[in-house]
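**Student:** Supplied in structure tokens, the structure appears directly below.
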Amino acid sequence: MDRFVGSTPRETLERVSSSLGRSPTSAEVASYLDKHDELRHLRENFLVPTIADLPPSDLSLVDGSKDCIYLVGNSLGLQPKMARKYLEEELDKWSKMGVHGHTSGSRPWGWAENNIEELMANVVGAKTEEVALMNGLTVNLHLLLLSFYKPTAARHKILLEDKAFPSDHYAVESQIRLRGFDPQQSMLLLSPRPGEETLRTEDILEAIEREGHSVAVVMFSGVQYYTGQLFNMAAITEAGQRKGCYVGFDCAHAAGNAELKLHDWGVDFACWCSYKYLNSGAGGLAGAFIHEKHKDSIRPALSGWWGHDPKTRFQMNNVLELQPGVSGFRLSNQPILLVCPLQASLEVFGMTSMQALRRKSLLLTGYLEYLIQHYYTEDPAQPRKPHVRVITPSDPRQRGCQLSLSFSVPIGKVFRELEKRGVACDMREPSVLRIAPAPLYNTFGDVHRFIATLGSALAASSNK
Ligand SMILES: *Cc1c(COP(=O)(O)O)cnc(C)c1O
């Protein structure tokens, strides 16, 4: 992709298409971009379902032997090929040596997660000792809030997005209650301006400036799950900390998608799941981050034996020697069967860098946006084209790979027609499709096929 650096996706597409003597919408342009994609080999590390494999596909409409068009890595990433091998190794070990597996083999269960935390830290821009792999995402959010949310009468609020992911909303609400405060008073919800879909950075910063003195924790997502908006985490962190707030991020949709610099930005804490862009399989092992500046000052509210210094953990003398930082937040010994698939995926991330993935992502998602804008209109005064509005910000710095498309027609039928034709994507009633070309394994060909299939699906759903 290096040859395309410095140009906008539109410029790149127009240059490529004119050099090929083809329209930017032609399949040749997609093939050319795939051929010159220096990350294209990474797809070979994943198992891509065929169209016939997908339960809703209709083989009278499409060739079932082809790869499906998988654009839902924002919900569940594809299976890394090595996941099965690593799982089998550990099942084998268990069957052959039982308890000795804790300390034997290439992946001793006793410290298996530690071996992959460096790979994880690289993906989120953290130091290894700032990251712990443990639990599920919502559990980690709770554990972090228990230490960072210490409300006082003067400073008792948590500032978050009005339309945060439900689990985050409930977690914050219940933490406020747990501390004896009232969510009505202490949950400060930030909405976009009337008629707008996404939050303006200036409005977020202004709200922090205005309300910050009463806010204990600013808690945002990194990438908003519904709109795909990538927040300016550096600016939010700086603004919140200037007002004396702790600032944390839920990076569920940002980890493995956007280029994160949790350490350099000075983020206080963060958490994320690993089954979306990090491809660890449903319910995979989640991540937590605490900045090293809090190494000795922030302590876990709840303790378990896995937070004890591993050197003396097994002396079992019930005198807790707490590991510093996020490591002290560990509670239980690790589920090795969850470590295996995450290791398989993180090793693929280790073959490249988030910077290189992001470079591809800008062009890949820019290509999707270009084709949407070419075939569809946002303008209701143009009755001949269906209206499809991209609600994700058009500024690439304010989005990851996902585009959220809002349709003027009811989306249920269109979605079912897409599914019949081998597209895996995500629908949110009443009118939004979330389309996420993941730079780790999606191709320009996938995007091109998606656009062609969307045309057929729209036609089929308006005929019936
Ligand atoms: C996916 C997602 C979750 C899911 O939480 P789990 O604890 O992993 O079930 C929570 N919050 C956000 C922002 C998400 O995107």
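A short reminder: the numbers here are calculations on the coordinates, not readings from a lab. The structure presented is a predicted model; accordingly, all values stated were derived computationally and were not measured. When we count neighbours, we look across all protein chains shown, and the Cβ atoms used for this are built from the backbone with ideal geometry, even at glycine.
**Student:** Among Tyr226, His263, Ala286, which residue has its Cα furthest toward the positive end of the charge dipole of region 84-351, with +1 on Lys/Arg Cβ and -1 on Asp/Glu Cβ?
**Tutor:** Sorting the options by dipole projection puts first Ala286.
**Student:** Under the 0.36 nm per residue contour assumption, what length would be gained going from the current alpha-carbon distance of Asp395 and Ser456 to full extension?
**Tutor:** Gain on stretching Asp395 to Ser456: 19.1 nm.
**Student:** Could you give me D for region 84-351, from Stokes-Einstein at 25 °C and 0.890 mPa s, where the hydrodynamic radius is the Kirkwood radius over C-alpha pairs? Units µm² s⁻¹, please.
**Tutor:** 128 µm²/s
**Student:** Report the Cα centroid-to-centroid distance between region 165-191 and region 42-61 in angstrom, as an integer.
**Tutor:** When both Cα centres are located, 41 Å separates them.
**Student:** Taking the Cα atoms only, what angle lies between the long axis of helix 336-349 and the longest principal axis of the chain, rounded to 10 degrees?
**Tutor:** In the chain, helix 336-349 runs at an angle near 50 degrees to the longest axis.
**Student:** State, to one decimal in nm, how far the label point of Asp203 lies from the label point of Lys66, with both points 7 Å from Cα in the Cβ direction.
**Tutor:** With each label point 7 Å from Cα toward Cβ, the separation is 4.1 nm.
**Student:** How much length is gained if the chain between Ser104 and Ser18 is pulled fully straight, taking 0.36 nm per residue apart and subtracting their Cα-Cα distance, in nm to one decimal?
**Tutor:** Length difference between fully extended and current span is 25.1 nm.
**Student:** Please determine, in degrees from 0 to 90 and to the nearest 10, the orientation of helix 411-420 with respect to the longest principal axis defined by the Cα atoms of the chain, where the helix direction is its Cα long axis.
**Tutor:** 80 degrees
**Student:** At a Förster radius of 56 Å, what calculated FRET efficiency corresponds to the Cβ-Cβ distance of Asp309 and Asn463, to the nearest 0.05?
**Tutor:** It comes to 0.25.
**Student:** Quick check: pseudo-label points 7 Å beyond the Cα along Cα→Cβ at Arg358 and Ala301, how many nm apart are they?
**Tutor:** In this crude label model, Arg358 to Ala301 measures out at 3.3 nm.
**Student:** Then there is this: If you line up the long axis of helix 201-211 against the longest principal axis of the chain, both from Cα atoms, how many degrees apart are they, to the nearest 10?
**Tutor:** Once rounded, one gets 30 degrees.
**Student:** Could you give the length gained on full extension between Ala154 and Lys293, defined as 0.36 nm per residue of separation minus the Cα-Cα distance, in nm? Could the numbers behind the result be given before it?
**Tutor:** Values: separation 139, 0.36 × 139 = 50.04 nm, distance 2.47 nm.
Full extension from Ala154 to Lys293 adds 47.6 nm.
**Student:** Ok, one more. Stokes-Einstein diffusion coefficient for the chain at 20 °C in a medium of 1.002 mPa s, Rh from the Kirkwood formula over Cα pairs: what value in µm²/s?
**Tutor:** Answer from the Stokes-Einstein relation: 91 µm²/s.
**Student:** Normalised by the number of residues in region 84-351, what is the relative contact order in percent for Cα pairs under 8 Å and 6+ residues apart?
**Tutor:** 24 percent
**Student:** Once both labels are modelled 7 Å past Cα along the beta-carbon direction, what's the Lys261-His36 spacing in nm?
**Tutor:** Taking the simple label geometry, Lys261 and His36 are separated by 2.8 nm.
**Student:** FRET efficiency for Asp162 and Asn317, Cβ-Cβ distance as r, R0 = 51 Å, nearest 0.05?
**Tutor:** Taking R0 as 51 Å, the efficiency between Asp162 and Asn317 is 0.55.
**Student:** Taking a 26 Å limit on the Cα-Cα distance, which of the listed pairs Lys163/Lys243; Lys150/Lys311; Lys66/Lys413 fall beyond it?
**Tutor:** Pairs exceeding 26 Å: Lys150/Lys311.
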